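Notes to accompany the following structure.
The values are calculated or read from the model by the stated rules, or taken from the named source; none is laboratory data. All figures in this text were calculated on a predicted structure; none of them were measured in a lab. Using ideal geometry, Cβ is built from the backbone for each residue, glycine included, and neighbour counts are taken over all protein chains shown. Keep in mind that these areas ignore ligands, DNA and RNA; they rest on the heavy atoms of the full protein, side chains included. Shrake-Rupley method; radii C 1.70, N 1.55, O 1.52, S 1.80 Å.
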Amino acid sequence: MQKKRIHAIDIAKGMAVLLVVFGHAVQGINSSEHLGFTTAWSSIYITKAVIYSFHMPAFFILSGLFVNHWLQKPTRVAFWDKVKRLVYPYFVWSIILGTIMQVVQKYTNGGLGFKEVIQAPIVPFSEYWYLYLLFFFFMTYLVVAKLCPRGYKPLLLIIGALLFIGYPFFPDVWILIKFSKFFIFFALGTYLLEFFTAEEKRNHTWIGFGLSTGAFIFVETLYILILRANHVVLSNYTWFFTATIGTAMLCFAAKLIATQANHRSVRALEYTGVISMQIYVMHIIPLAGTRIFLLRFVHVTNLWLVAMIIFMVALIFSYLGSYIIKRCHLNEWLFAEK
């Protein structure tokens, strides 16, 4: 029996993955053109900083929503469920992306290739680090929930908070820093399913959206000023507030948009959330390729135009790719899905 989807959650995932794609578009330009606060096109650098201040925490929070339901499965079933949904696509798409990047290595920013594919079991591969880290988040919950079935949620939330406080001072060993930086958001997500399922008056949601938007503008401005002043440790901790408040703003917006679920554009956004995994793993290939073509061969000088073009090309490619994969019954091979 297929579980009923929650419109607001799919919309929130759709918004989050759009931020990821656009974030990678401007980040790629930042890296290739060496942008900063004081360079030309600094607006692109600032846009990247704003998006990166909350888009991945939002993804981890949304990923934690159904942990409690997942933990009700038998341990063996729960484990293999995440191997299929996270580990399998991580390795499949690391091989695909790594092979393509090896061929065009001299044109890319990161110089990825077969070496990084071989290291993928122990060194998270490129932008797929999210899948790598998410698997270990789920496994942490699986182990702790079995050892402490009644108090695992508050215990892991406290551990997440302590790890976040300490992560700026941790050594850069394996995934220690990233795990410590993002685990708190996954833990917060385990408490938020009721937010999306509870019925509340629409004006209350508008108030929440307005307050979170105002708070986000304030804390984001503060964060950008701190970044510009190069206060590294202070910016790390300010980032927690941009991340949580930005995610709150996104979630309130998703609930408001979900009230117009029959509108064509809303259905498109919701569908984007449904195929967010496919978009996440596929968008890098057309995004990088189009950026290289526009900047290295066509020599387009308007970097905002480049950003918008590669964003749209990456989305169209991902939508078409998802459709073709489904039509050709390749989901099981590429995503371990039937």
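Below, the figures for the structure above:
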quantity: Residue in the stretch 203-224 that is under 23 Å from the mean Cα position of the chain (by Cα), at pLDDT below 95 and not in a loop (DSSP other than H, G, I, E, B) present; calculated: no
quantity: Out of LEU157, LEU134, sole residue that is under 15 Å from the mean Cα position of the chain (by Cα) and either modelled with pLDDT of 95 or more or at negative phi (or both); calculated: LEU134
quantity: Residue in the stretch 106-128 that is touching a Leu at 6+ places or on another chain (Cβ under 8 Å) and under 15 Å from TRP174 (Cβ atoms) present; calculated: yes
quantity: The stretch 261-275: number of residues that are free of Cβ contacts under 8 Å to residues at least 12 places away in the same chain and either open to solvent by less than 50 Å² (accessible area, probe 1.4 Å) or under 29 Å from THR99 (Cα atoms) (or both); calculated: 0
quantity: Checklist (1) modelled with pLDDT under 95; (2) open to solvent by less than 30 Å² (accessible area, probe 1.4 Å); (3) of a type in the set (Val, Ile, Thr) applied to VAL67, failing item; calculated: (1)
quantity: Scan of the stretch 211-231 for residues that are open to solvent by 30 Å² or more (accessible area, probe 1.4 Å), of a type in the set (Gly, Ala, Ser) and closer than 17 Å to HIS55 by Cα, ordered by number; calculated: ALA215
quantity: Enumeration of residues in the stretch 28-46 that are surrounded by fewer than 20 Cβ atoms within 10 Å (Cβ to Cβ) and of a type outside the set (A, V, I, L, M, F, W, C); calculated: SER31, SER32, GLU33, HIS34, GLY36, THR38, THR39, SER42, SER43
quantity: Selection status of PHE169, touching a helix residue (DSSP H, G or I) at 6+ places or on another chain (Cβ under 8 Å) and among the hydrophobic types (A, V, I, L, M, F, W, C); calculated: no
quantity: Of all residues making up the stretch 237-252, the number that are open to solvent by less than 30 Å² (accessible area, probe 1.4 Å) and in contact with a Ser or Thr (Cβ under 8 Å, 6 or more places away or on another chain); calculated: 4
quantity: Any hit, the stretch 174-182, residues being surrounded by fewer than 18 Cβ atoms within 10 Å (Cβ to Cβ), farther than 27 Å from TYR141 by Cα and of a type in the set (Phe, Trp, Tyr); calculated: no
quantity: Matching option when the condition is under 30 Å from ASP81 (Cβ atoms), in a helix (DSSP H, G or I) and either touching a strand residue (DSSP E or B) at 6+ places or on another chain (Cβ under 6 Å) or open to solvent by 50 Å² or more (accessible area, probe 1.4 Å) (or both), among LEU155, LEU142, LEU234; calculated: LEU155
quantity: Only listed residue being under 21 Å from the mean Cα position of the chain (by Cα), at pLDDT below 95 and under 21 Å from GLY23 (Cβ atoms), chosen from ILE279, ILE285, ILE310; calculated: ILE285
quantity: Scope the stretch 70-118; condition outside any helix (DSSP H, G or I), crowded, with 17+ Cβ neighbours inside 10 Å and touching a Ser or Thr at 6+ places or on another chain (Cβ under 7 Å); matching residues; calculated: LEU112
quantity: Cβ pairs under 8 Å, 6+ apart, first in the stretch 34-46 and hydroxyl-bearing (Ser, Thr, Tyr), second assigned to a loop (DSSP other than H, G, I, E, B) and buried (at least 18 other Cβ atoms within 10 Å of the Cβ); calculated: SER42/LEU35; TYR45/LEU35
quantity: Filtered residue count, the stretch 310-327, keeping only those that are open to solvent by less than 60 Å² (accessible area, probe 1.4 Å) and either among the aliphatic types (A, V, I, L, M) or in contact with a strand residue (DSSP E or B) (Cβ under 7 Å, 6 or more places away or on another chain) (or both); calculated: 5
quantity: Selection count, the stretch 283-301, where residues are open to solvent by 40 Å² or more (accessible area, probe 1.4 Å) and either charged (D, E, K, R) or touching a strand residue (DSSP E or B) at 6+ places or on another chain (Cβ under 7 Å) (or both); calculated: 1
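Table: residues versus (1) of a type in the set (A, V, I, L, M, F, W, C); (2) free of Cβ contacts under 8 Å to residues at least 60 places away in the same chain; (3) in contact with a His (Cβ under 7 Å, 6 or more places away or on another chain).
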position: THR259; (1), (2), (3): no, yes, no
position: MET277; (1), (2), (3): yes, no, no
position: LEU287; (1), (2), (3): yes, no, yes
position: PHE297; (1), (2), (3): yes, yes, no
position: LEU303; (1), (2), (3): yes, no, no
position: ILE316; (1), (2), (3): yes, yes, no
position: ASN331; (1), (2), (3): no, yes, no
